[in-house]
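Heads up, the thing below is written out as structure tokens.
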Amino acid sequence: MTTPRITGADDTRDDEGPGTDAPLLLVESNTTGTGRQFAQRARACGAEPVLPATDPARYPYAAEDGLRTVVVDTADGDALWAAVPTGAAM
């Protein structure tokens with residue numbers, strides 16, 4: 001099995017890479033704009049970006065772009081792992 005990866009939009013992927021709606025987690029995105037770029041690139045590659053965050057409202061792009069968010073204390077590793085969507089490959 002290959003490890004899913006997100007790189008350039010022109011990259012090809014095999015059948016073992018992220019499929020349609022495969023969740024890809026971005027824990028506590030930064031607020032400089034690269035989180036939005038990450039989410040857009042993830043979608044372009046067929047993955048579903050999910051943003052676990054203590055306060056998803058800190059990331060207005062998430063609501064604007066219809067990004068799935070999970071409210072969780074990201075400083076608590078156990079809580080974070082418990083919040084990982086079923087089927088998420090880590």
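Key figures for this structure:
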read-out: Among 38-45, 52-59, 73-80, the order from most to least packed when residues are scored by Cβ within 10 Å on average; value: 38-45, 52-59, 73-80
read-out: Cut-off under 5 Å, modelled amide H: who pairs with V50 long-range; value: L24, L25, L26
read-out: Simple label model, 7 Å out from Cα along Cβ direction - A57 to T74, nm; value: 1.7 nm
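Only the coordinates and a few stated rules stand behind these numbers; no lab work does. For clarity, every value in this text was computed on a predicted model and none was experimentally measured. Glycine also receives a Cβ, built like all others from the backbone with ideal geometry; neighbour counts cover every protein chain displayed.
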